[in-house]
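Visitor: One structure coming up, written as structure tokens, with questions to follow.
The values are calculated or read from the model by the stated rules, or taken from the named source; none is laboratory data. This is a predicted model, so every value here is computed, not measured. Here the Cβ positions follow ideal geometry from the backbone for every residue, glycine too, while neighbour counts run over all protein chains shown. Only protein heavy atoms, including side chains, enter the accessible area calculation; ligands, DNA and RNA are left aside. Shrake-Rupley method; radii C 1.70, N 1.55, O 1.52, S 1.80 Å.
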Amino acid sequence: TQLLEQSPQFLSIQEGENLTVYCNSSSVFSSLQWYRQEPGEGPVLLVTVVTGGEVKKLKRLTFQFGDARKDSSLHITAAQPGDTGLYLCAGVGWTSYGKLTFGQGTILTVHP
Amino acid sequence: SAVISQKPSRDICQRGTSLTIQCQVDSQVTMMFWYRQQPGQSLTLIATANQGSEATYESGFVIDKFPISRPNLTFSTLTVSNMSPEDSSIYLCSVEPGEGVSKQFFGPGTRLTVL
């Protein structure tokens, strides 16, 4: 069974601060996805990282996939209240295309 | 991307009854999935809805409790049978277009409360 450990579980920060969310596993994934979810809605895909060592940027969000494809991080620069939400990482195994293993999620609250 | 709708958006049900949740996609997709989520928590995969054959259930989920139909490539239903308060949760469907790098699109979810 592939497991993803996501941390921290809760993050409460002031507007303008930086933050990093981590996603770690002992398993190797073919790709890893990051989602953001707001109350009453389904998760929305932010990015998929595929190559070990890959770094992707989405405005103030930076996503990194570990060299060994076992871990990933999401870094947000100068957080804004609009960044508030539940952030989820999800890994795709090598033999189960489409089946996602989700981390526990990080609830981010950015105070104005 | 794919646009996914779910019905109902929420419901309050009595224990012992059953509820069928519908998931409609605006385009044909290869794979559809059903998840369960407690508010503010992560998602747990219930099953993969296979078109033209029986759904594939994850450990801890059985067909008698969560029967799934997938009559075509744009539609699926999940039934929560003989409900108990422990079934209170958010149920989400998702689709995997199956082209290129894996990516999934989720419906808005169905919030179920069982009294």
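Visitor: Of the residues that sit in region B:16-25 and are over 10 Å from the mean Cα position of the chain (by Cα) and surrounded by 17 or more Cβ atoms within 10 Å (Cβ to Cβ), which one is nearest to the other protein chains (Cβ to nearest Cβ)? Please lay out each step first, then the result.
Guide: Filtering region B:16-25 for residues over 10 Å from the mean Cα position of the chain (by Cα) gives B:16-19, B:24-25.
The next check asks that each one be surrounded by 17 or more Cβ atoms within 10 Å (Cβ to Cβ); those that pass are B:19, B:25.
Details: B:Leu19: 18, B:Val25: 13 Å.
Here the residue is B:Val25.
Visitor: Would you mention how many residues in region A:75-99 are within 26 Å of A:Gly52 (Cβ to Cβ) and open to solvent by less than 10 Å² (accessible area, probe 1.4 Å)? Explain how you work it out, then say what you get.
Guide: The initial filter retains those residues of region A:75-99 that are within 26 Å of A:Gly52 (Cβ to Cβ), namely A:75-77, A:87-99.
Now narrow it down to the ones that are open to solvent by less than 10 Å² (accessible area, probe 1.4 Å): A:76, A:87-93, A:98.
Total meeting the criteria: 9.
For (1) under 19 Å from A:Phe10 (Cα atoms); (2) of a type outside the set (A, V, I, L, M); (3) within 14 Å of another protein chain (Cβ to nearest Cβ); (4) outside any loop (DSSP other than H, G, I, E, B), each residue gets a yes or a no:
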site	(1), (2), (3), (4)
A:Gly82	yes, yes, no, yes
A:Tyr87	yes, yes, yes, yes
A:Gly98	no, yes, yes, no
A:Thr101	no, yes, yes, yes
A:Leu108	yes, no, yes, yes
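Visitor: Separate question: Is there a residue being assigned to a loop (DSSP other than H, G, I, E, B) and either over 13 Å from the mean Cα position of the chain (by Cα) or among the β-branched types (Val, Ile, Thr) (or both) anywhere in region B:42-49?
Guide: yes
Visitor: Determine which member of the set B:Pro67, B:Pro108, B:Pro8, B:Pro39 is within 11 Å of chain A (Cβ to nearest Cβ), touching a strand residue (DSSP E or B) at 6+ places or on another chain (Cβ under 8 Å) and at pLDDT 95 or above.
Guide: Values: B:Pro67 fails: within 11 Å of chain A (Cβ to nearest Cβ); B:Pro8 fails: within 11 Å of chain A (Cβ to nearest Cβ); B:Pro39 fails: at pLDDT 95 or above.
On inspection, the qualifying residue turns out to be B:Pro108.
Visitor: Moving on to the next point. Return the only residue of A:Ser72, A:Ser26, A:Ser30 being of a type outside the set (A, V, I, L, M), more than 14 Å from A:Val110 (Cβ to Cβ) and crowded, with 16+ Cβ neighbours inside 10 Å. Even if it seems obvious, please write down each step before you answer.
Guide: Numbers: A:Ser26 fails: crowded, with 16+ Cβ neighbours inside 10 Å; A:Ser30 fails: crowded, with 16+ Cβ neighbours inside 10 Å.
Exactly one of A:Ser72, A:Ser26, A:Ser30 is of a type outside the set (A, V, I, L, M), more than 14 Å from A:Val110 (Cβ to Cβ) and crowded, with 16+ Cβ neighbours inside 10 Å, namely A:Ser72.
Visitor: Still on this structure, please answer the following. What single numbered condition from (1) without any contact (Cβ under 8 Å) to a residue 60 or more places away in the chain; (2) open to solvent by 20 Å² or more (accessible area, probe 1.4 Å); (3) out of contact with any Pro (no Cβ under 8 Å at 6 or more places or on another chain); (4) within 20 Å of B:Ser94 (Cα to Cα) fails to hold for A:Lys56?
Guide: Evaluating A:Lys56 over (1) without any contact (Cβ under 8 Å) to a residue 60 or more places away in the chain; (2) open to solvent by 20 Å² or more (accessible area, probe 1.4 Å); (3) out of contact with any Pro (no Cβ under 8 Å at 6 or more places or on another chain); (4) within 20 Å of B:Ser94 (Cα to Cα) leaves (4) as the failure.
Visitor: Are any residues in region A:27-43 facing chain B (nearest Cβ under 7 Å) and in a strand (DSSP E or B), and if so, which ones?
Guide: Passing the criteria: A:Ser31, A:Gln33.
Visitor: Further question: Would you pick out the residues in region B:82-105 that are in contact (Cβ under 8 Å) with a residue 60 or more places away in the chain, more than 14 Å from chain A (Cβ to nearest Cβ) and open to solvent by 20 Å² or more (accessible area, probe 1.4 Å)? Even if it seems obvious, please write down each step before you answer.
Guide: Within region B:82-105, the subset in contact (Cβ under 8 Å) with a residue 60 or more places away in the chain is B:82-85, B:91-98, B:104-105.
Then drop every residue that is not more than 14 Å from chain A (Cβ to nearest Cβ), which leaves B:82-85.
Across region B:82-105, the qualifying residues are B:Asn82, B:Ser84, B:Pro85.
Visitor: Can you name the condition, by its number, that B:Gln28 falls short on among (1) in a strand (DSSP E or B); (2) more than 16 Å from the chain's Cα centre (by Cα)?
Guide: Of the numbered conditions (1) in a strand (DSSP E or B); (2) more than 16 Å from the chain's Cα centre (by Cα), the odd one out for B:Gln28 is (1).
Visitor: So B:Arg10 passes all but one of these: (1) within 18 Å of B:Asn82 (Cα to Cα); (2) within 12 Å of the chain's Cα centre (by Cα); (3) touching a residue at least 24 places away in the same chain (Cβ under 8 Å). Which condition number does it fail?
Guide: Unmet condition: (2).
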